[in-house]
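For reference, the structure discussed in these notes is given below.
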(Lines give C-alpha, C1' and ligand atoms only; values in the text may rest on other atoms or scores of the structure.)
Protein backbone atom coordinates (compact mmCIF):
# COMPACT_ATOMS: atom_id res chain seq x y z
CA UNK A 1 0.00 0.00 0.00
CA UNK A 2 1.40 3.40 -0.99
CA UNK A 3 2.30 6.00 1.62
CA UNK A 4 -0.33 8.71 1.57
CA UNK A 5 1.00 12.28 1.54
CA UNK A 6 -1.28 15.03 2.86
CA UNK A 7 -0.59 18.48 1.38
CA UNK A 8 -0.19 21.58 3.53
CA UNK A 9 -3.33 23.65 3.97
CA UNK A 10 -3.53 27.19 2.66
CA UNK A 11 -2.59 30.07 4.92
CA UNK A 12 -3.31 33.77 4.55
CA UNK A 13 -0.88 35.28 2.05
CA UNK A 14 -0.22 32.02 0.19
CA UNK A 15 -0.02 31.85 -3.59
CA UNK A 16 -2.29 29.72 -5.79
CA UNK A 17 -0.98 28.79 -9.24
CA UNK A 18 -3.48 28.60 -12.10
CA UNK A 19 -2.92 26.18 -14.99
CA UNK A 20 -4.81 24.91 -18.04
CA UNK A 21 -3.82 21.25 -18.61
CA UNK A 22 -6.53 20.67 -21.21
CA UNK A 23 -8.67 23.11 -23.23
CA UNK A 24 -7.28 26.54 -24.06
CA UNK A 25 -8.71 29.70 -22.52
CA UNK A 26 -11.05 31.96 -24.50
CA UNK A 27 -10.90 35.74 -24.87
CA UNK A 28 -13.55 35.99 -22.14
CA UNK A 29 -11.27 34.14 -19.75
CA UNK A 30 -8.95 37.16 -19.52
CA UNK A 31 -11.78 39.08 -17.86
CA UNK A 32 -12.91 36.10 -15.78
CA UNK A 33 -9.36 35.54 -14.51
CA UNK A 34 -9.19 39.17 -13.41
CA UNK A 35 -12.49 38.81 -11.55
CA UNK A 36 -11.31 35.57 -9.97
CA UNK A 37 -7.99 37.12 -8.93
CA UNK A 38 -9.86 39.93 -7.17
CA UNK A 39 -11.94 37.42 -5.21
CA UNK A 40 -8.83 35.48 -4.13
CA UNK A 41 -7.11 38.72 -3.15
CA UNK A 42 -10.14 39.57 -1.02
CA UNK A 43 -9.57 36.21 0.68
CA UNK A 44 -5.92 37.36 1.10
CA UNK A 45 -4.41 34.91 -1.37
CA UNK A 46 -2.17 35.67 -4.33
CA UNK A 47 -2.67 34.24 -7.83
CA UNK A 48 0.13 33.15 -10.17
CA UNK A 49 -0.87 32.19 -13.73
CA UNK A 50 1.11 29.41 -15.37
CA UNK A 51 3.54 30.51 -18.07
CA UNK A 52 1.44 28.93 -20.83
CA UNK A 53 -2.00 29.64 -19.38
CA UNK A 54 -3.12 31.52 -22.50
CA UNK A 55 -1.24 29.42 -25.04
CA UNK A 56 -3.06 27.67 -27.89
CA UNK A 57 -1.82 24.59 -29.71
CA UNK A 58 -1.58 24.27 -33.49
CA UNK A 59 -5.03 22.66 -33.69
CA UNK A 60 -6.74 25.45 -31.77
CA UNK A 61 -7.99 23.27 -28.91
CA UNK A 62 -5.47 22.74 -26.11
CA UNK A 63 -3.69 25.35 -23.99
CA UNK A 64 -0.38 24.83 -25.76
CA UNK A 65 1.46 21.64 -26.55
CA UNK A 66 1.44 18.74 -24.13
CA UNK A 67 5.06 19.61 -23.28
CA UNK A 68 4.10 23.21 -22.46
CA UNK A 69 1.15 22.16 -20.33
CA UNK A 70 3.26 19.64 -18.43
CA UNK A 71 5.98 22.27 -17.96
CA UNK A 72 3.50 24.58 -16.22
CA UNK A 73 2.57 21.83 -13.77
CA UNK A 74 6.18 20.97 -12.98
CA UNK A 75 7.21 24.63 -12.72
CA UNK A 76 4.53 25.35 -10.13
CA UNK A 77 5.29 22.19 -8.14
CA UNK A 78 8.95 23.28 -8.14
CA UNK A 79 8.14 26.84 -7.05
CA UNK A 80 8.43 27.05 -3.27
CA UNK A 81 6.42 30.28 -3.28
CA UNK A 82 3.33 28.40 -4.54
CA UNK A 83 1.19 26.43 -2.07
CA UNK A 84 -1.63 25.27 -4.32
CA UNK A 85 -2.18 24.54 -8.02
CA UNK A 86 -5.67 24.86 -9.47
CA UNK A 87 -6.77 23.73 -12.94
CA UNK A 88 -8.71 26.53 -14.64
CA UNK A 89 -11.01 24.26 -16.64
CA UNK A 90 -11.39 20.85 -18.21
CA UNK A 91 -11.63 19.78 -21.83
CA UNK A 92 -10.51 16.56 -23.50
CA UNK A 93 -6.70 16.42 -23.63
CA UNK A 94 -5.35 16.48 -20.08
CA UNK A 95 -4.21 12.86 -20.40
CA UNK A 96 -1.60 13.96 -22.96
CA UNK A 97 0.58 15.36 -20.16
CA UNK A 98 0.57 12.28 -17.91
CA UNK A 99 3.73 10.62 -19.21
CA UNK A 100 5.55 13.98 -19.34
CA UNK A 101 5.33 14.73 -15.61
CA UNK A 102 8.13 14.24 -13.09
CA UNK A 103 6.29 12.26 -10.41
CA UNK A 104 9.32 12.02 -8.16
CA UNK A 105 9.55 15.82 -8.11
CA UNK A 106 5.83 16.02 -7.31
CA UNK A 107 6.24 13.48 -4.51
CA UNK A 108 9.11 15.42 -2.94
CA UNK A 109 7.43 18.82 -3.40
CA UNK A 110 3.86 18.04 -2.31
CA UNK A 111 1.23 20.76 -2.48
CA UNK A 112 -2.47 21.21 -3.02
CA UNK A 113 -3.60 20.20 -6.51
CA UNK A 114 -7.20 20.90 -7.50
CA UNK A 115 -9.43 20.27 -10.50
CA UNK A 116 -12.29 18.24 -11.91
CA UNK A 117 -13.90 17.15 -15.19
CA UNK A 118 -11.10 16.22 -17.64
CA UNK A 119 -8.57 16.94 -14.89
CA UNK A 120 -9.89 13.84 -13.15
CA UNK A 121 -7.06 12.09 -15.01
CA UNK A 122 -4.48 14.25 -13.24
CA UNK A 123 -6.06 13.95 -9.80
CA UNK A 124 -6.01 10.17 -9.93
CA UNK A 125 -2.69 9.76 -11.76
CA UNK A 126 -0.82 12.02 -9.33
CA UNK A 127 -2.29 10.17 -6.37
CA UNK A 128 -1.58 6.77 -7.91
CA UNK A 129 2.03 7.58 -8.85
CA UNK A 130 3.04 9.60 -5.77
CA UNK A 131 0.60 9.04 -2.91
CA UNK A 132 -0.16 12.78 -2.82
CA UNK A 133 -3.77 13.50 -1.92
CA UNK A 134 -5.32 15.73 -4.61
CA UNK A 135 -8.69 17.47 -4.58
CA UNK A 136 -11.76 17.07 -6.71
CA UNK A 137 -12.83 20.71 -6.85
CA UNK A 138 -14.75 23.03 -9.17
CA UNK A 139 -13.00 25.33 -11.62
CA UNK A 140 -11.79 28.43 -9.73
CA UNK A 141 -13.87 30.74 -11.94
CA UNK A 142 -16.13 33.13 -10.01
CA UNK A 143 -17.93 34.47 -13.09
CA UNK A 144 -20.51 34.08 -14.51
CA UNK A 145 -22.73 33.32 -11.53
CA UNK A 146 -23.59 29.88 -12.93
CA UNK A 147 -20.02 28.71 -12.30
CA UNK A 148 -19.92 26.30 -9.33
CA UNK A 149 -17.21 28.26 -7.49
CA UNK A 150 -19.29 31.45 -7.78
CA UNK A 151 -21.66 30.00 -5.17
CA UNK A 152 -21.36 30.80 -1.49
CA UNK A 153 -21.53 27.09 -0.67
CA UNK A 154 -18.50 26.24 -2.81
CA UNK A 155 -16.42 29.15 -1.50
CA UNK A 156 -17.24 28.28 2.11
CA UNK A 157 -16.31 24.65 1.44
CA UNK A 158 -13.00 25.84 -0.03
CA UNK A 159 -12.16 27.77 3.13
CA UNK A 160 -13.43 25.08 5.48
CA UNK A 161 -11.57 22.21 3.84
CA UNK A 162 -8.34 23.78 2.53
CA UNK A 163 -7.75 26.70 4.90
CA UNK A 164 -9.32 25.58 8.16
CA UNK A 165 -8.59 21.90 7.54
CA UNK A 166 -12.08 20.79 8.51
CA UNK A 167 -13.00 17.14 8.02
CA UNK A 168 -16.01 15.12 9.21
CA UNK A 169 -19.49 15.07 7.69
CA UNK A 170 -19.81 16.72 4.28
CA UNK A 171 -22.12 19.71 4.49
CA UNK A 172 -25.35 19.03 2.62
CA UNK A 173 -26.78 21.46 0.09
CA UNK A 174 -29.36 19.01 -1.28
CA UNK A 175 -31.37 15.93 -0.41
CA UNK A 176 -29.31 12.72 -0.38
CA UNK A 177 -30.53 9.23 -1.19
CA UNK A 178 -29.52 5.73 -0.15
CA UNK A 179 -29.47 3.81 -3.44
CA UNK A 180 -28.11 0.60 -1.93
CA UNK A 181 -27.76 0.17 1.84
CA UNK A 182 -24.51 -0.36 3.65
CA UNK A 183 -21.43 1.09 5.29
CA UNK A 184 -17.91 1.41 3.96
CA UNK A 185 -14.54 2.92 4.78
CA UNK A 186 -11.91 3.54 2.14
CA UNK A 187 -9.85 6.01 0.19
CA UNK A 188 -11.61 8.20 -2.34
CA UNK A 189 -10.80 7.82 -6.03
CA UNK A 190 -12.53 8.77 -9.26
CA UNK A 191 -14.47 11.85 -10.32
CA UNK A 192 -15.70 12.37 -13.87
CA UNK A 193 -16.53 8.93 -15.25
CA UNK A 194 -15.78 9.59 -18.91
CA UNK A 195 -12.41 11.11 -18.00
CA UNK A 196 -11.57 8.41 -15.47
CA UNK A 197 -11.95 5.75 -18.15
CA UNK A 198 -9.15 7.41 -20.13
CA UNK A 199 -6.83 5.90 -17.51
CA UNK A 200 -8.03 2.33 -18.06
CA UNK A 201 -5.19 0.02 -19.07
CA UNK A 202 -2.51 2.58 -18.18
CA UNK A 203 -0.08 2.76 -15.25
CA UNK A 204 -2.06 5.78 -14.03
CA UNK A 205 -5.24 3.85 -13.24
CA UNK A 206 -5.95 4.20 -9.49
CA UNK A 207 -6.00 1.27 -7.10
CA UNK A 208 -9.68 0.38 -6.69
CA UNK A 209 -9.24 -2.21 -3.94
CA UNK A 210 -11.54 -1.24 -1.02
CA UNK A 211 -11.79 2.29 -2.42
CA UNK A 212 -14.82 4.56 -2.34
CA UNK A 213 -15.42 5.49 -5.97
CA UNK A 214 -16.73 8.97 -6.82
CA UNK A 215 -18.71 9.21 -10.07
CA UNK A 216 -20.16 12.23 -11.85
CA UNK A 217 -20.56 13.30 -15.47
CA UNK A 218 -21.96 16.08 -17.59
CA UNK A 219 -23.69 15.65 -20.96
CA UNK A 220 -24.43 11.94 -20.94
CA UNK A 221 -27.60 9.90 -21.25
CA UNK A 222 -28.76 6.35 -20.67
CA UNK A 223 -26.71 4.58 -23.39
CA UNK A 224 -23.49 6.36 -22.36
CA UNK A 225 -24.08 5.48 -18.72
CA UNK A 226 -24.82 1.87 -19.60
CA UNK A 227 -21.68 1.31 -21.65
CA UNK A 228 -19.33 3.15 -19.29
CA UNK A 229 -20.65 1.47 -16.15
CA UNK A 230 -20.58 -1.90 -17.90
CA UNK A 231 -16.94 -1.25 -18.73
CA UNK A 232 -16.23 -0.68 -15.03
CA UNK A 233 -17.90 -4.02 -14.28
CA UNK A 234 -15.85 -5.78 -16.97
CA UNK A 235 -12.66 -4.25 -15.53
CA UNK A 236 -13.40 -5.75 -12.10
CA UNK A 237 -13.99 -2.38 -10.47
CA UNK A 238 -17.32 -3.38 -8.92
CA UNK A 239 -15.72 -6.45 -7.39
CA UNK A 240 -13.02 -4.30 -5.79
CA UNK A 241 -14.60 -1.09 -4.47
CA UNK A 242 -16.12 -0.76 -1.01
CA UNK A 243 -18.72 1.84 -2.04
CA UNK A 244 -19.73 4.30 -4.76
CA UNK A 245 -20.85 7.89 -4.21
CA UNK A 246 -22.73 9.39 -7.16
CA UNK A 247 -22.54 13.15 -7.60
CA UNK A 248 -24.56 15.51 -9.76
CA UNK A 249 -25.04 14.08 -13.25
CA UNK A 250 -26.24 17.03 -15.31
CA UNK A 251 -27.45 15.19 -18.40
CA UNK A 252 -29.61 12.83 -16.39
CA UNK A 253 -30.95 15.28 -13.88
CA UNK A 254 -32.14 17.59 -16.65
CA UNK A 255 -32.99 15.35 -19.63
CA UNK A 256 -33.89 11.93 -18.24
CA UNK A 257 -35.41 12.82 -14.89
CA UNK A 258 -38.72 11.15 -15.80
CA UNK A 259 -37.18 7.99 -17.24
CA UNK A 260 -34.20 6.98 -15.08
CA UNK A 261 -31.37 8.51 -13.13
CA UNK A 262 -27.69 7.65 -13.39
CA UNK A 263 -27.84 5.87 -10.03
CA UNK A 264 -30.70 3.69 -11.34
CA UNK A 265 -28.50 2.55 -14.22
CA UNK A 266 -25.62 1.93 -11.79
CA UNK A 267 -27.87 -0.14 -9.55
CA UNK A 268 -28.98 -2.26 -12.50
CA UNK A 269 -25.51 -2.75 -14.00
CA UNK A 270 -24.08 -3.69 -10.57
CA UNK A 271 -27.00 -5.90 -9.54
CA UNK A 272 -24.71 -8.85 -8.77
CA UNK A 273 -22.77 -6.84 -6.17
CA UNK A 274 -23.58 -5.58 -2.69
CA UNK A 275 -21.41 -2.47 -2.25
CA UNK A 276 -23.36 0.51 -0.86
CA UNK A 277 -24.32 3.36 -3.18
CA UNK A 278 -24.96 6.90 -1.94
CA UNK A 279 -26.46 9.61 -4.14
CA UNK A 280 -25.51 13.22 -3.35
CA UNK A 281 -25.41 16.43 -5.41
CA UNK A 282 -22.41 18.25 -3.96
CA UNK A 283 -19.86 17.44 -6.64
CA UNK A 284 -20.06 17.57 -10.41
CA UNK A 285 -20.84 19.95 -13.27
CA UNK A 286 -23.28 22.87 -12.95
CA UNK A 287 -23.86 22.42 -9.22
CA UNK A 288 -22.58 23.51 -5.84
CA UNK A 289 -19.30 21.71 -5.13
CA UNK A 290 -17.62 20.56 -1.98
CA UNK A 291 -13.89 19.72 -2.03
CA UNK A 292 -13.18 15.98 -1.96
CA UNK A 293 -9.71 14.49 -1.34
CA UNK A 294 -8.67 11.93 -3.95
CA UNK A 295 -6.63 9.48 -1.89
CA UNK A 296 -8.10 10.78 1.35
CA UNK A 297 -9.92 8.42 3.69
CA UNK A 298 -13.69 8.57 4.07
CA UNK A 299 -16.61 6.70 5.63
CA UNK A 300 -20.10 6.30 4.18
CA UNK A 301 -23.26 4.99 5.79
CA UNK A 302 -25.96 5.20 3.15
CA UNK A 303 -28.89 4.44 5.44
CA UNK A 304 -27.91 7.25 7.81
CA UNK A 305 -26.96 9.46 4.83
CA UNK A 306 -23.49 9.95 6.28
CA UNK A 307 -20.40 10.82 4.22
CA UNK A 308 -17.50 11.66 6.49
CA UNK A 309 -13.97 12.68 5.56
CA UNK A 310 -10.85 12.00 7.57
CA UNK A 311 -8.35 14.90 7.89
CA UNK A 312 -6.90 15.51 4.42
CA UNK A 313 -4.48 18.45 4.86
CA UNK A 314 -1.80 19.25 7.42
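The values are calculated or read from the model by the stated rules, or taken from the named source; none is laboratory data. For clarity, every value in this text was computed on a predicted model and none was experimentally measured. Cβ placement follows ideal geometry from the backbone for every residue including glycine, while neighbour counts extend to all protein chains displayed.
Points to keep in mind about this one:
- Any hit, region 158-169, residues being touching a strand residue (DSSP E or B) at 6+ places or on another chain (Cβ under 7 Å), crowded, with 24+ Cβ neighbours inside 10 Å and either in contact (Cβ under 8 Å) with a residue 40 or more places away in the chain or not in a helix (DSSP H, G or I) (or both): yes
- Number of the condition not met by residue 107 [criteria: (1) in contact with a strand residue (DSSP E or B) (Cβ under 9 Å, 6 or more places away or on another chain); (2) surrounded by fewer than 18 Cβ atoms within 10 Å (Cβ to Cβ); (3) on the phi > 0 side of the Ramachandran plot]: (3)
- Residues located in region 131-157, provided they are surrounded by 23 or more Cβ atoms within 10 Å (Cβ to Cβ) and closer than 24 Å to residue 208 by Cβ: 132, 133, 134, 135, 136, 137
- Residue in region 205-213 that is more than 17 Å from the chain's Cα centre (by Cα), closer than 25 Å to residue 301 by Cα and surrounded by fewer than 17 Cβ atoms within 10 Å (Cβ to Cβ) present: yes
- So residue 52, is it within 20 Å of the chain's Cα centre (by Cα), farther than 13 Å from residue 140 by Cα and at pLDDT 95 or above: no
- Selection status of residue 67, out of contact with any strand residue (DSSP E or B) (no Cβ under 6 Å at 6 or more places or on another chain), over 17 Å from residue 214 (Cβ atoms) and either crowded, with 18+ Cβ neighbours inside 10 Å or not assigned by TED's automatic domain parsing to the domain that holds residue 287 (or both): yes
- Looking across region 177-204, the residues that are part of a loop (DSSP other than H, G, I, E, B) and surrounded by fewer than 19 Cβ atoms within 10 Å (Cβ to Cβ) come down to 181, 182, 200, 201, 202, 203.
- Breaking point among (1) at pLDDT below 95; (2) part of a loop (DSSP other than H, G, I, E, B); (3) touching a helix residue (DSSP H, G or I) at 6+ places or on another chain (Cβ under 9 Å), for residue 273: (1)
- Hey, residue 100 touching a helix residue (DSSP H, G or I) at 6+ places or on another chain (Cβ under 6 Å), surrounded by fewer than 16 Cβ atoms within 10 Å (Cβ to Cβ) and over 23 Å from residue 37 (Cα atoms) or not: yes
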